[in-house]
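> Below you'll find the structure I mean.
The values are calculated or read from the model by the stated rules, or taken from the named source; none is laboratory data. Only a predicted model underlies this, so the values are computations on that prediction, with no experimental measurement involved. Quick reminder, even Gly has a Cβ in these numbers, built from the backbone with ideal geometry, and neighbours come from all protein chains shown. Surface areas here come from the heavy atoms of the whole protein model, side chains and all, with no ligands, DNA or RNA. Shrake-Rupley method; radii C 1.70, N 1.55, O 1.52, S 1.80 Å.
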Amino acid sequence: MPATTTPAGRRGGRWINEWDPEDETFWKTRGEPIARRNLGFSILSEHIGFSIWSLWSVLVLFMGPEYGIDAAGKFFLVAVATLVGAVVRVPYTFAVARFGGRNWTVIAASLLLLPTLAAWFVMEPGTSYTTFLLVAVLTGVGGGNFASSMTNINSFFPLRRKGWALGLNAGGGNIGVPAVQLAGLLVIATVGDGSPRVLLGAYIPLIILATYCAWRWMDNLAPVTNDTGAARESVRDAHTWIMSFLYIGTFGSFIGYSFAFGLVLQTQFDRTPLEAASLTFIGPLLGSLIRPVGGSLADRFGGARITLWTFAAMTAATGLVIIASIQESLPVFLAGFVTLFVLTGLGNGSTYKMIPGIYHAKAVALGLTGEAAAAYGRRLSGAAIGLIGAVGALGGLGINLAFRQSFLTQGTGTSAFVAFLGFYVLCFAVTWYVYLRQGKRRTRAADPQESADADAPQRQAAFVGV
């Protein structure tokens, strides 16, 4: 953020009063070490948040026949956690400027104790389904950590490094999904599928550690303030909703598949809890690890181009999964599904990189230059990120509801995958039509120094490209 006068009451302590990462001298002499330190501890907190948000993708594997909950009921538990995690992303986004990035990370991390302790108390046969639903609601707070973490880190890094930083931050957080699934596998393999409290107990000290690290080593940026005007402007901007739609296809798929993978293996392929747990973590792990690669590729080649071909590949991979589902071929199904996870990771990185590039290029198209253009881009992209992240996460809800309906009516997930394939085709078409049509001058999202089409500031293809 540019240097500004520090708001009243924000001097001293862990507040940084001036911050200008676009200034090369400031960045090299002071800004980069501070930004990297905050990035590291932001990743830790977000990582634990993702683990708690995706907790029910593992806990349902512990819920045998004695719990009296069928597959549709389990998919709905997972869907509830997904929904709440998506909704809370909006207030979490604005909390960073209201309380400070470091302060809110402390609060958000400590809140993870609520669902973890609640689940520890209720995870046993005989507990009512309503009680499980309420605990699933609580786990949604873990989904909010992503929005506040990304908003916070977006302010620390210059535009030319945002693809790398946001990709690394998100990827490190996303790894919280396979991490809790691996932990669940370890518990099931060593003490059996009747001991979910062992898993829950292991996360309590980790939550405390993340809270302490944020309190001890992170910083607040005083120049970062909530801009209600920017929020209103981003809501009115068509690109906010277009990118939300595309993010449903990438991140919505990642989180939806992560939550549902184990249940699909159990329900459609009759895998035991141990067998399902031994496979569930692979896709989310690879999808998380490759997310920074998607951001880096977008930095180099442009976010829209990487996103376009990612959706094309996701369509092909989904077709493979449909064939495997019909033929009941587990090896082919696993190959297709894991490939989908990898592609969602790439798409997560490239779509998030597109966001700051879109608004910077729009500023250039409006005639702004230099720091004025950079400030305009930061202002709108910071406001849009939380909303895009929230809407995108709703894709996970859609995926789990689609699986629930598919298994209720057909006993398999095939019809759900057919619906997903159609959606990816639509995402491909939207990406091409809005950002990559031939005959329109385009701006690389990765390189804000390139000029946009100043004579046609409303032409969508000028705002991001290859």
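> I'd like the full set of residues that are in a helix (DSSP H, G or I) and polar (S, T, N, Q), limited to region 267-296.
Once the filter is applied, which keeps residues that are in a helix (DSSP H, G or I) and polar (S, T, N, Q), region 267-296 yields Thr267, Gln268, Ser278, Thr280, Ser288, Ser296.
> So Asp270 fits all but one of (1) on the phi > 0 side of the Ramachandran plot; (2) surrounded by 18 or more Cβ atoms within 10 Å (Cβ to Cβ); what number is the exception?
The number of the failed condition is (2).
Each row is one residue, and each column tells you yes or no for (1) open to solvent by 20 Å² or more (accessible area, probe 1.4 Å); (2) within 30 Å of Glu24 (Cβ to Cβ); (3) touching a strand residue (DSSP E or B) at 6+ places or on another chain (Cβ under 9 Å).
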site: Phe341; (1), (2), (3): no, no, no
site: Glu371; (1), (2), (3): yes, yes, no
site: Ile385; (1), (2), (3): no, yes, no
site: Val391; (1), (2), (3): yes, no, no
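> For region 32-90, how many residues are assigned to a loop (DSSP other than H, G, I, E, B), hydrophobic (A, V, I, L, M, F, W, C) and under 27 Å from Ser148 (Cα atoms)?
Result for region 32-90: 1.
> Kindly evaluate Leu59 against the criterion of being over 20 Å from Leu394 (Cα atoms) and of a type outside the set (Phe, Trp, Tyr).
Yes; evaluated as a whole, the condition is true for this residue.
> Is there a residue in region 136-148 that is of a type in the set (Gly, Ala, Ser), more than 15 Å from the chain's Cα centre (by Cα) and under 30 Å from Ala373 (Cα atoms)?
Scanning region 136-148, I find no residue that is of a type in the set (Gly, Ala, Ser), more than 15 Å from the chain's Cα centre (by Cα) and under 30 Å from Ala373 (Cα atoms), so the answer is no.
> Being charged (D, E, K, R), in contact with a Ser or Thr (Cβ under 9 Å, 6 or more places away or on another chain) and surrounded by 24 or more Cβ atoms within 10 Å (Cβ to Cβ): is that true of Arg89 here?
Judged against the criteria, Arg89 is a match.
> Say whether the condition of being more than 21 Å from the chain's Cα centre (by Cα), at pLDDT below 95 and part of a helix (DSSP H, G or I) is met by at least one residue in region 302-322.
No, because not a single residue in region 302-322 is more than 21 Å from the chain's Cα centre (by Cα), at pLDDT below 95 and part of a helix (DSSP H, G or I).
> Could you please tell me which pairs satisfy a Cβ distance under 6 Å, a separation of 6+ or placement on different chains, a first residue in region 278-289 that is of a type in the set (Phe, Trp, Tyr), and a second residue that is open to solvent by less than 50 Å² (accessible area, probe 1.4 Å) and assigned to a helix (DSSP H, G or I)?
Close Cβ pairs (under 6 Å, with a partner that is open to solvent by less than 50 Å² (accessible area, probe 1.4 Å) and assigned to a helix (DSSP H, G or I)) amount to Phe281/Pro178; Phe281/Gln181.
> Condition first: in a helix (DSSP H, G or I), in contact with a Ser or Thr (Cβ under 9 Å, 6 or more places away or on another chain) and surrounded by 20 or more Cβ atoms within 10 Å (Cβ to Cβ). Now tell me which residues in region 95-134 satisfy that.
Ala95, Val96, Ala97, Gly101, Trp104, Thr105, Val106, Ala108, Ala109, Pro115, Thr116, Ala119
> Would you check which residues across region 210-234 are of a type in the set (Val, Ile, Thr) and closer than 29 Å to Val78 by Cβ and list them?
Answer for region 210-234, where residues must be of a type in the set (Val, Ile, Thr) and closer than 29 Å to Val78 by Cβ: just Thr211.
> If you don't mind, another one. Restricting the search to region 393-428, which residues are within 19 Å of Ala81 (Cβ to Cβ), surrounded by fewer than 22 Cβ atoms within 10 Å (Cβ to Cβ) and polar (S, T, N, Q)?
Hit for region 393-428 is Gln405, nothing else.
> Looking at Leu39, is it open to solvent by 40 Å² or more (accessible area, probe 1.4 Å), touching a helix residue (DSSP H, G or I) at 6+ places or on another chain (Cβ under 7 Å), more than 17 Å from Ile207 (Cβ to Cβ) and modelled with pLDDT of 90 or more?
Criteria not met by Leu39.
> Would you be able to tell me the number of residues in region 10-26 that are assigned to a helix (DSSP H, G or I) and in contact with a Phe, Trp or Tyr (Cβ under 9 Å, 6 or more places away or on another chain)?
Adding up the residues that qualify gives 1.
> Please go through region 282-315 and pick out each residue that is aliphatic (A, V, I, L, M), open to solvent by 10 Å² or more (accessible area, probe 1.4 Å) and farther than 30 Å from Val180 by Cβ.
The answer is Leu308, Ala312.
> Condition (residue is free of Cβ contacts under 8 Å to residues at least 24 places away in the same chain and more than 23 Å from Gly386 (Cβ to Cβ)) applied to region 213-227: is it met by at least one residue?
yes
> Looking only at residues that are crowded, with 24+ Cβ neighbours inside 10 Å and touching a strand residue (DSSP E or B) at 6+ places or on another chain (Cβ under 9 Å) in region 136-181, which one is nearest to Leu274 (Cα to Cα)?
The extreme case among them is Asn152.
> So Ala210 passes all but one of these: (1) under 28 Å from Ala390 (Cβ atoms); (2) open to solvent by 70 Å² or more (accessible area, probe 1.4 Å). Which condition number does it fail?
All conditions are met except number (2).
> Only one of these is of a type in the set (Ser, Thr, Tyr), in contact with a helix residue (DSSP H, G or I) (Cβ under 9 Å, 6 or more places away or on another chain) and without any contact (Cβ under 8 Å) to a residue 12 or more places away in the chain: Ser296, Ser381, Ser350, Ser329. Name it.
Ser329
> Within region 323-351, which residues are of a type in the set (Phe, Trp, Tyr) and under 22 Å from the mean Cα position of the chain (by Cα)?
Residues satisfying the conditions are Phe337, Phe341.
> Next up: Which one of the conditions (1) open to solvent by less than 50 Å² (accessible area, probe 1.4 Å); (2) at pLDDT below 95; (3) not hydroxyl-bearing (Ser, Thr, Tyr) does Lys28 fail to meet, given that it meets all the rest?
Condition not satisfied by Lys28: (1).
> Conditions first: (1) farther than 16 Å from Ala230 by Cβ; (2) in contact with a Leu (Cβ under 8 Å, 6 or more places away or on another chain); (3) open to solvent by 30 Å² or more (accessible area, probe 1.4 Å). Tyr376 passes all but one, so which condition is the exception?
(1)
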